[in-house]
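Enquirer: Okay, handing you the structure first.
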Amino acid sequence: MTADPTTLGTLTWVRALDRPDLLADPVRAAVEAWAADDDRVADAVVVTEIDPDLADTAALTAAYDLPPAASANCVLVAGRREGEERVAAAVVRATTRADVNNAVKRLLDVRKASFLPTDRAVADSGMEYGGITPLGLPAGYRVLVDARVAVDDPDAGAVVVIGSGLRRSKIALPGALLATAPRVEVVDGLALA
């Protein structure tokens, strides 16, 4: 499979910087800042418009002929240690699931890690449910990316599809590039198969 995200599935992909209307405000600001620091970002980070009712991974892959492994899901997780809340985004391929009870809990150094409630995840991130993405999250959030997202997948290739902050669009980019995004920590074993 190609490393060119513009040929992924049956969708029409364009440079994300050319369609800021398809990005939530914090995502747009993050992509613009990242592009200012890394010349690869302007051309390699692309966006497409989708039916918002098809934003969930299973519906998206079926409707737009995407390999299931091409999608990377982003979940927000929190735990407490000595009264201090610790929050992270865990990004894993859609064919896996985040190891919240072991890997994420250990990385946050908390006794118990739980998914953020939907209303809080949406309010804190400034993104819509079903569109939350690792790009543009609040500064206090750790951004944990499973190592399998950063490498070519035998079924999906080098590209990953992530949220845009909005339900009506998706971002695609090489997983290896996502691994270099600001604040990203690449973690072996973040996901369970």
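Derivation of every value follows stated rules applied to the coordinates shown; laboratory data play no part. Bear in mind the structure is a predicted one, so any value in this text is a computation, not a measurement. Cβ atoms come from the backbone with ideal geometry, glycine included; neighbour counts cover every protein chain shown.
Enquirer: Test each condition in (1) farther than 21 Å from Asp124 by Cβ; (2) in contact with a helix residue (DSSP H, G or I) (Cβ under 7 Å, 6 or more places away or on another chain); (3) free of Cβ contacts under 8 Å to residues at least 60 places away in the same chain for Tyr64 and report the one that comes out false.
Expert: (2)
Enquirer: State whether the residues of the stretch 142-154 include one that is without any contact (Cβ under 8 Å) to a residue 40 or more places away in the chain, over 23 Å from Glu32 (Cβ atoms) and basic (Lys, Arg).
Expert: No, that holds for no residue.
Enquirer: To continue, here is another question. Restricting the search to the stretch 110-138, which residues are more than 15 Å from Ala90 (Cα to Cα) and of a type in the set (Gly, Ala, Ser)?
Expert: Matches in the stretch 110-138: Ala123, Gly126.
Enquirer: I would also like to ask the following. State which residue is farthest from Leu173 (Cα to Cα) when the search covers only the stretch 51-93 and only residues that are among the β-branched types (Val, Ile, Thr) and within 15 Å of the chain's Cα centre (by Cα). Spell out how you get there, then give the answer.
Expert: Within the stretch 51-93, the subset among the β-branched types (Val, Ile, Thr) is 57, 61, 75, 77, 87, 91-92.
In the following step, the residues that additionally are within 15 Å of the chain's Cα centre (by Cα) were identified as 57, 75, 77, 91-92.
Numbers: Thr57: 16, Val75: 18, Val77: 24, Val91: 14, Val92: 14 Å.
Per the criteria, the residue is Val77.
Enquirer: Okay, next question. In the stretch 85-193, which helices (runs of 4 or more DSSP H) lie fully inside it and hold 2 or more residues that are surrounded by fewer than 20 Cβ atoms within 10 Å (Cβ to Cβ) and of a type in the set (Lys, Arg)?
Expert: Numbers: elements: 105-108, 118-125, 175-178.
Because the criterion is at least 2 residues that are surrounded by fewer than 20 Cβ atoms within 10 Å (Cβ to Cβ) and of a type in the set (Lys, Arg), the helices (runs of 4 or more DSSP H) in the stretch 85-193 that meet it are 105-108.
Enquirer: Being under 28 Å from Thr12 (Cβ atoms), small (Gly, Ala, Ser) and without any contact (Cβ under 8 Å) to a residue 60 or more places away in the chain is the requirement here; does Ala89 meet it?
Expert: In short, yes.
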